[in-house]
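The values are calculated or read from the model by the stated rules, or taken from the named source; none is laboratory data. Treat the numbers as computed from the prediction; the structure is a model and nothing was measured. Cβ placement follows ideal geometry from the backbone for every residue including glycine, while neighbour counts extend to all protein chains displayed. Heavy atoms of the whole protein, side chains included, go into the accessibility calculation; ligands, DNA and RNA do not. Shrake-Rupley method; radii C 1.70, N 1.55, O 1.52, S 1.80 Å.
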Amino acid sequence: MKTLKIVVNVALVCLLGWFLVSNEQKIRASAAGRDSISYWAAGDLLLHRQNPYAAQSVLALERTQGYAAAKPLVLRTPPWSLWMVLPLGFLTAYWAWITWLALLLISLVIAMRISWHMYGDSPRASNIFLLTGYLFAPVAACLVESQLGLVLSLGIVLFLLLEEERPFLAGAALLIPFAKPHIFALLWPILAIWIFTRKKWSLLVGMAAAFLLTNSIALAFDPSIFQHYRAMLQQQAIQYEFIPALSGMLRLLFFRRLFWVQFLPTVLGLLWSFWYYWKNHRTWSWRRHGLALLVVSIVTTPYSWITDEVILLPAILQGALWLNSVDLKVRSQLLILLFVFLDLLILLILKAQVPPSTGIYFWTSLVWFSWYWYARSFAPKSDPAIKVGSL
């Protein structure tokens, strides 16, 4: 039986390889405009010791592969994230996309397994757990757009897994979500307070070591990488863009010309996070309490897309396990059906290829927020994270 499984797996891999090679032109056309193209362009430019943030260079490189749009897809993540895209520069744009997509799928599977290891109650994941994870709408969005979100989610899950027993590695794993620090805005201040009050120096050293190493890699290929990054931010003029997050929609509707208004939800979120940590600091556990920070961070972030919401995967899975562990009344079952309907609605909108820039997804973070806090009310009372005053 074991030999048969190996043969079947090898055959499936060969079949997949044949499909990719024989349908390269069709797949290449569908890959145009996806974020993996900007990752590949940045990696290729960096390997040739050029500026990975230069729009002109990116556009010229995309044209050579037939992927250029009217506006080049320029990488916006900071220099310490470039190590993730650097290997893609060794490949063609097409195979870089295939490789990146494979990395996203691997990240998803590993994040799901680790989440079950942390929150599950049996050796094998339940069907409810698997369905919840694989049908979580931001997962599909991330795969369709070939975005970075699933890799960030894996970094967070690794931190939660390693924090107690291997703090150095946990700190190093945090460099992955630090590629988009703004969507974890509530996590970093609480993490700093926790490190200094608990004297978790190994975790701090791990993160600092990873930070220095990855920046050294970027500087080795482009000594002016930080100047180039700053110039890109100024040229992109993000403050004039419509960001389809909840904060961006509030600004568009009521305070269109006031960029600072977009940060007000983050300020309120920070005030809440300090209060939340103070209420739970004696029994603080990142596996139990950290998920709430992630959920509120996504709702209050000044800049995010639906693909970034995939970082909530462990929180969504934890909520599904809480709800699956109790006998639900009819009212609760109807509410869960509503959440399922909303998730399927988002999947249908994604299938219709409605672009995120339209703002149609601005409300999705509120769905995940509501799901988590509603499911949290069914958590076992013995859980130290669920106690009177902790909400």
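Per residue, the range 99-252 exposes 45 Å² of solvent-accessible protein surface, assessed with a 1.4 angstrom probe and all protein chains in place.
For chymotrypsin sites (Phe, Trp or Tyr not before Pro), the sites in the range 333-369 that DSSP calls loop and that have at most 15 other Cβ atoms within 10 Å are 363. Shape class for the range 273-377, computed from the alpha carbon gyration tensor (a ≥ b ≥ c): oblate, with a/c not under 1.5 and a/b at or below b/c. Taking a 29 Å limit on the Cα-Cα distance, which of the listed pairs 180/329; 279/329; 180/351 fall beyond it? Result: 180/329; 279/329 exceed 29 Å. From the Cα gyration tensor of the range 192-300, with a ≥ b ≥ c the square roots of its eigenvalues, which class applies: rounded if a/c is under 1.5, or else prolate if a/b is larger than b/c, or else oblate? Because a/c hits 1.5 or more and a/b fails to exceed b/c, the range 192-300 counts as oblate.
Hydrodynamic estimate: the Kirkwood radius of the range 296-358 over Cα pairs, inserted into Stokes-Einstein at 10 °C and 1.306 mPa s, corresponds to D of 115 µm²/s.
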